[in-house]
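The values are calculated or read from the model by the stated rules, or taken from the named source; none is laboratory data. Note that this is a predicted model, so its numbers are computed, not measured. Note that we place each Cβ from the backbone using ideal geometry, even for glycine, and neighbour counts take in every protein chain shown. Heavy atoms of the whole protein, side chains included, go into the accessibility calculation; ligands, DNA and RNA do not. Shrake-Rupley method; radii C 1.70, N 1.55, O 1.52, S 1.80 Å.
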Amino acid sequence: MIWLLLACTNSGDDVDSQVDEGLDTQDTETVDTAPPERPSFANPQRAEDQNPAQGVFELTLSAAPQSFVVAGQEVQGYAYNGQNPGPLIQVETGDTLTATLENGLDTASTIHWHGASVPFEMDGVPWMKDPVQAGESKTYSFELTEPITGWYHPHFDTERQVDLGLYGVLLVKDPAWPVAEHELVLLADSWGEAPEEGHHAGFVFQENTWTINGLESPVLDVQSGDSVVAHILNVSNMGYLSLSAEGMRVIGGEQGLNPAPTSPDRLVLGPGDRAIVEFSPGSQEIELLTHPYSVAGEIQVGEPVSILGIHPTGSEAAHAGLDWPFIAAAPSPDPGGTAVRYVFQGDEQTGEWRINGETFPDVTIATLPEGEPAVIEVRNLSATEHPFHLHGMSFEVLSVDGVPPDQRTIEDTVNIGIRQTQRLLIPADNVGDWMAHCHILPHAEGGMMTVLRVE
Ligand code: C2O
Ligand code: CU
């Protein structure tokens, strides 16, 4: 996110004047060098269901300009219902969501439900559908059949509007899942560049300043032995998270539970990507670190930063982990054949980003017949990584450079490495004109977006 920073008019602040006095007298001992106190972790405020009927969750999302204080700075942006992040929508599988967007911006907008397989009319894309004009509203309604760690954001003027703060979480939980003592939702946003520099500043995205739900490195206080589950969402326009934490187990991705838990050295989440992780704090503090990451494949030097602290009191032993209903599953065999090929090309110097040599909206629409699973092959011939996102359907990763993943991997957003080829199996079971694009929003805006038609 890149906010418009307001001029700071408040110069009589207590801390500032104390520091000034200390410096004036050259008495360094009176300067407080203790690290600033970290804020307490808080989940985004949960949306209230406006509909008493069972199985229907109804709410209004009013988009409007809003100023906030983020990481100590007053910033001018946009918000849903005056909240940044927007209200947390939490439902269960099988529920119907009915959400009305009231557009209080002075520009058109939409809501896209990232990760949800919705009917095409509900997908919130302006492709063959008009956006919601300023002052107008639109009601989105659809059933949520699968568990997802999803999110919602505009899909019109996307780079700018997401940047300014229009995003929130759509969490669809399976009622069979255990409930942890601490259930966290972490919306991670990066703050790398000054607005004047624009989104394309810097070939390698080294920005490593992050907020979680608008808070800088918040701390969650727990009792040792508590169970902690976190849904982590990278909602930044272009920053990559490369996460590690003592004892962190990855139990799920963007589309529900994984077949088995894993403990990778680094959990990499590109823009738009999500994961579900579990922590078991004993008596030691846990810090969730993000390490410097290069989308150009360069070795990154520099210190990791903590984006979340989990600080226990007490001396209970660590929790052994909740009893998740994992369903072990091997990757599907590759059926062979390639229905659609997407070649990603472009470079940071020209800001031209293409799929198959084409720039959205001047694209060739690939068409698949409904109900016939098909393989999409995505190949990255550019010098940087790209998070590939498909609307309307989740897909299975069959192979990465010919090698199947260790376990069945269902995604809607997958990072494509440099010179990498991934084969993806899509069910082609949802009729519509689905956007397929890079979720680095400046790349999508620069043209790295196409349309896959299922008919
Ligand atoms: Cu999260 Cu096409 O978007
Ligand atoms: Cu990209």
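Using every Cα-Cα pair within region 258-389, state what percent have a distance larger than 27 Å.
Working: 4113 of 8646 pairs.
The answer is 48 percent, as a whole percent.
With the simple spin-label model, which puts each label point 7 Å out from Cα in the Cβ direction, the R419 to E183 separation comes to 4.6 nm.
How many Å³ per residue does the convex hull of the Cα positions in region 304-455 occupy? Present the calculation step by step, with values, prior to reporting the outcome.
Details: hull volume 25.5 nm³, N = 152.
Measuring per residue, one finds 167 Å³ for the Cα hull of region 304-455.
Please compute the contact order of the chain in relative form: average sequence separation of alpha-carbon pairs under 8 Å and at least six residues apart, divided by the residue count, as a percent.
13
Positive end of the charge dipole of the chain (Lys, Arg +1 and Asp, Glu -1 on Cβ, about the Cα centre): tell me which of L289, I232, A317 has its Cα farthest that way. Farthest towards the positive end: I232.
Hey, with R₀ at 60 Å, roughly what FRET efficiency would A260 and T350 work out to, going by the Cβ-Cβ distance, to 0.05?
Numbers: r = 43 Å, r/R0 = 0.72.
Efficiency, rounded to the nearest 0.05: 0.90.
If a spin label sat at a point 7 angstrom from the Cα of E143 along the line to its beta carbon, the backbone N atoms of region 86-105 nearer than 18 Å would be those of 91-99.
Rolling a 1.4 angstrom probe over the protein heavy atoms with all chains in place gives region 343-425 an accessible area of 41 Å² per residue. Each Lys and Arg contributes +1 and each Asp and Glu -1, all at the Cβ; summed about the Cα centre of the chain, the dipole is approximately 1540 debye. The share of C-alpha pairs in region 26-183 whose separation exceeds 21 Å stands at 51 percent. Across region 293-306, rounded Karplus estimates of 3J(HN,Hα) from the backbone phi angles (6.51 cos²θ - 1.76 cosθ + 1.60, θ = phi - 60°) give 9, 10, 6, 9, x, 7, 6, 9, 9, x, 8, x, 10, 8 Hz, Gly and Pro being marked x.
Principal-axis analysis of the Cα atoms of the chain puts helix 14-24 at an angle of about 60° to the longest axis. Projected label points at E92 and Q133, each 7 Å from Cα along the beta carbon direction, are separated by 4.2 nanometres.
I need the GluC sites (Glu not before Pro) found in region 115-168, filtered to DSSP loop residues with at most 14 other beta carbons within 10 Å of theirs.
Working: sites: E121, E136, E143, E159; in loops: E136.
Hits after loop and neighbour filter: E136.
Pick out, from H114, H443, I327, the residue whose Cα sits farthest towards the positive end of the charge dipole of the chain, with +1 on the Cβ of Lys and Arg and -1 on the Cβ of Asp and Glu. Working it through, the farthest residue towards the positive pole turns out to be I327. Here region 409-449 and region 378-398 have alpha carbon centers that stand 4 Å from each other.
Rg ratio for the chain: its Cα radius of gyration over 2.2 N^0.38 Å, N being its residue count, equals 0.99.
Computed over every Cα-Cα pair of region 195-336 and binned at 10 Å starting from 0, the pair-distance distribution P(r) comes out as 11, 35, 33, 16, 5, 0 percent.
When every alpha-carbon pair in region 377-452 is counted, what percent end up more than 13 Å apart? Mind dumping the intermediate values first?
Working: 1902 of 2850 pairs.
Of all Cα-Cα distances in region 377-452, 67 percent exceed 13 Å.
Near the amide H of S399, within less than 5 Å, lie the amide hydrogens of R423, all on another chain or at least 5 residues away, with H placed in the peptide plane.
On the accessible surface of the chain, probed at 1.4 Å, how many percent belong to carbon and sulfur atoms? If you can, show how the numbers build up before the last one.
On the way: 9200 of 19350 Å².
Whole-percent figure for carbon plus sulfur exposure: 48.
Sequentially through region 422-430, phi angles give Karplus couplings (6.51, -1.76, 1.60; θ = phi - 60°) of 10, 9, 10, 9, 10, x, 6, 10, 10 Hz, Gly and Pro residues having no value and appearing as x. Only one residue of V219, V343, H389 has its Cα farthest out toward the positive end of the dipole of the chain, where Lys and Arg carry +1 and Asp and Glu -1 on Cβ, and that residue is V343. So in the chain, what percent of DSSP beta bridges are antiparallel if you round to the nearest 5? Of all bridge pairs located within the chain, approximately 70 percent are antiparallel. The label-point distance for S332 and T209, in a model that sets each label 7 Å from Cα toward Cβ, rounds to 4.5 nm.
Using Stokes-Einstein with the Kirkwood hydrodynamic radius over Cα pairs, what translational diffusion coefficient do you get for region 131-174 at 25 °C and a viscosity of 0.890 mPa s, in µm²/s rounded to a whole number? Don't jump to the answer; show the numbers that get you there.
Values: Rh = 12.3 Å.
Calculated translational D: 199 µm²/s.
Extension gain, V431 to R46, is 135.4 nm, computed as 0.36 nm per intervening residue step minus the present C-alpha separation. Note that region 170-181 has calculated 3J(HN,Hα) couplings of 10, 9, 10, 9, 7, x, 7, 6, x, 10, 7, 4 Hz, one per residue in order, obtained from phi through the Karplus relation 6.51 cos²θ - 1.76 cosθ + 1.60 (θ = phi - 60°); glycine and proline are x. Put simply, the amide H of T367, placed in the peptide plane, has neighbours under 5 Å in R453, leaving out anything fewer than 5 places away on its chain.
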